[in-house]
Amino acid sequence: MFGIVEQLSPWFAHGGTRSPGGIGEDRFDRCLRVGGWCPRVSRQSTRRGVGSPPLGAFIIDAEFVRRWIAEAAARIEDHRDFLTQLDAAIGDADHGVNMHRGFTAAIATIQSAPDQPAGALLQEVGTTLIYRVGGAAGPLYGSGFRQIGAIVSAARSPDREVLLSALRAGLDAIQALGAAALGDKTMVDAWQPAVDGFEQTLRAGGTVDRAARTAAEAASAGVEATLPMQARKGRASYLGSRSIGHQDPGATSTAIIFGALERAVRPPS
Amino acid sequence: MSAVSATGDRRGTIQSVDRAARILRALGSSPRLGVTEISDRLGIAKATVHGLLRTLEQRELIEQERDSGKYRLGAAMLQLGNSFLDNHELRARSLMWAGSLATRVCEAVRVRVVNGETVLIVHHVFRPDNSLQILEVGASIPWHACALGKAVVAFMPPARRTGLLAADLSPLTGRTMTDPSSLRPALEEIATLGVAVEDQEAVVGEAEIASPVFDHRGDPVGAIGVVGPVERLLPDGPAPTLIAAVREAGRGLSRDMGAGRFAARG
């Protein structure tokens, strides 16, 4: 049984110990060049909330959402097979394919709604992910993005503080659905340190760029930390102690999404 | 499992056999281990570990990797595992029922037996649609988080059921029932319906419908159930055709196990 695990295990022994398991900075930077879909919309045409902040300050606008989702989709496409291989070891070998299908559909959703404000776009991305990713990741990421969108929609001026509370609320939605805590070897192990890192950087007076960078780094470190963990949630928990030594695919895709966020908070030059 | 052998009552047992068993379990939970790692992990002197490993290797229960010198489980373990499954009566009798149920409803089917507080999957028929699926035979799941477990526990004698309800009921998802006061009426309902339904209580996005299987004494010995995406299994509550098919497979398998016609008594 678990024939695929055995076939892959020599590969994991190396992939696992080699530090960020293939999604480190260099890998992310390489992904940036992968043809991400980034429509050029002049900044003047971008919708802004009432009482717009001074030009140049970070604001969650539709353009930011497009950049984030397009960047995430491109990186997921680049890592599709890697995610599926990770999932073959401790899940049901469909995470990469499912995430790729879902984020491709999310881009189509965004393209078909050119006039939507940022919050509504994020909510629609969430709904798309629920139905198009499928499996456990669909409802989890979908409800996360729907909650992020709800917080952004409710904000009068969606600045970096709103991004922080939105990311935090996304984590809460994921935890409400999956009941996972830090150390259970799930996406929470990347998402929670990422939000914590984002918050600490903002509290220390850091810029949104720096906060997003800290978040992306914390998410990658969180992925690495899943290696020695025994899964306590999801299908991987069926394996008991045999899940030890494998990198969690859900945490990995979360780190990819936070890597994309780091890129998206910087306006295109 | 390994905690039992490490801390449990070992009176009347043989230390070297116990140590050998712990080494096998340790190797079963890691891809490969060296002598020092095993010695550190189990708190057994290196020389002793070495002797035990050599003995196990001679019996082909473990093997040493040529390159790294580390140890991993051997081919004889697969034969032992297969023998366990082949000698398992419920599993043997379930092959035909599980196969025809999967074909009939076009979903994956799993057969489980209760093993302490968890249910052990002893047979798994893939969803017959050529999609890539991973064999879950050997996996164990807390009884309270899956339909197969609840289907069996619902028909257990009250004392055993109370004991299981008092044990650790930790959540696997946000929907896992962890409160005995909500699980108890749910089990009573299952006993009345003869079928258990689980809605994303073990894995987010997955549902399961299961029927208990009884032996010749009328005791619940396991369960057979359909598992799949929640939107297909529970589109608007459980699909009636699925319920009927699962219940029929449970009854048929019970008859094969020697149960009387009215075994599924509430």
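The values are calculated or read from the model by the stated rules, or taken from the named source; none is laboratory data. Being a predicted model, the structure only gives us computed values, none of them experimental. Here Cβ is always computed from backbone atoms with ideal geometry, including for glycine, and neighbour counts include all displayed protein chains. Just so you know, the surface numbers come from the protein's heavy atoms only, side chains and all, with ligands and any DNA or RNA stripped out. Shrake-Rupley method; radii C 1.70, N 1.55, O 1.52, S 1.80 Å.
Between segment A:231-265 and segment A:74-101, what is the C-alpha centre distance in whole Å?
Cα centres, segment A:231-265 to segment A:74-101: 11 Å.
If you average the C-alpha positions of segment B:161-238 and of segment B:125-147 separately, how far apart do those two centres end up, in angstrom?
15 Å
What does the charge add up to near B:V35, with Lys and Arg as +1, Asp and Glu as -1, over the other residues with Cβ less than 15 Å from its Cβ?
+3
How much mean residue ellipticity at 222 nm does chain B get from its helices, if each DSSP H run of length 4 or more adds -39500 (n - 2.57) and you divide by all residues, to the nearest 500 deg cm²/dmol?
Counting only the DSSP helices, I get -14000 deg cm²/dmol.
Using the heavy atoms of the protein chains alone and a 1.4 angstrom probe, what is the accessible area of segment A:115-269 per residue in square angstrom?
34 Å²
Residue by residue through A:233-244, how many Cβ atoms from other chains fall within 10 Å of the Cβ on average?
6
Roll a 1.4 Å probe over the protein heavy atoms and report the accessible area of B:S254 in Å², nearest 10.
The value for B:S254 is about 10 Å².
Looking only at other chains, what is the average number of their beta-carbon atoms within 10 angstrom of each beta-carbon in B:30-37?
For this peptide, the per-residue mean of nearby foreign Cβ atoms is 2.
In segment A:155-183, what residues drop by 30 Å² or more in accessible surface going from the chain by itself to the full protein assembly, probe 1.4 Å?
A:L177, A:A179
Can you tell me the dipole magnitude for segment B:147-191 around its Cα centre, using point charges on the Cβ only (Lys, Arg +1; Asp, Glu -1), in Debye to the nearest 20?
80 debye
Consider all pairwise Cα distances in segment B:138-266 and report the whole-number % of them above 20 Å.
40 percent
In the protein assembly as shown, carbon and sulfur make up what percent of the accessible area (probe 1.4 Å)?
52 percent
Which of the peptides B:165-173, B:222-230 is most tightly packed, and how do the rest follow, going by the mean number of other Cβ atoms within 10 Å of each residue?
Those peptides, ordered most packed to least, come out B:222-230, B:165-173.
Positive end of the dipole of the protein assembly as shown, charges at C-beta (+1 Lys, Arg; -1 Asp, Glu), about the Cα centre: which of A:A136, B:G260, B:A196 has its Cα farthest in that direction?
B:G260
Computed on protein heavy atoms with a 1.4 Å probe, what is the summed buried accessible area for the chain pair A and B, in Å² to the nearest 100?
2000 Å²
What net charge is computed for the residues neighbouring A:V188, neighbours being all others with C-beta under 12 Å from the C-beta of A:V188, Lys and Arg scored +1, Asp and Glu -1?
Net charge around A:V188: -2.
In percent, what relative contact order does chain B have, based on Cα pairs under 8 Å that are 6 or more apart in sequence?
Answer for chain B is 14 percent.
Of B:L233, A:L182, B:V113, which is farthest towards the positive pole of the protein assembly as shown's charge dipole, taken about the Cα centre with +1 and -1 on the beta-carbons of Lys, Arg and Asp, Glu respectively?
Value computed over the given set: B:V113.
For B:193-205, what's the mean count of beta carbons from other chains sitting within 10 Å of each residue's beta carbon?
4
Considering only the other residues whose Cβ falls under 11 Å of the Cβ of B:L95, what net charge follows from Lys and Arg at +1 and Asp and Glu at -1?
0
Could you tell me what percent of the DSSP beta bridges with both partners in the protein assembly as shown are antiparallel, to the nearest 5?
Bridges in the protein assembly as shown are about 95 percent antiparallel.
In what order, largest first, do A:S112, A:S243 sit by accessible area if the probe radius is 1.4 Å?
So the residues, ranked largest to smallest area, are A:S112, A:S243.
Tell me the accessible surface of A:L202 in square angstrom (1.4 angstrom probe, heavy atoms of protein chains only), to the nearest ten.
Roughly 10 Å² of A:L202 is accessible to a 1.4 Å probe.
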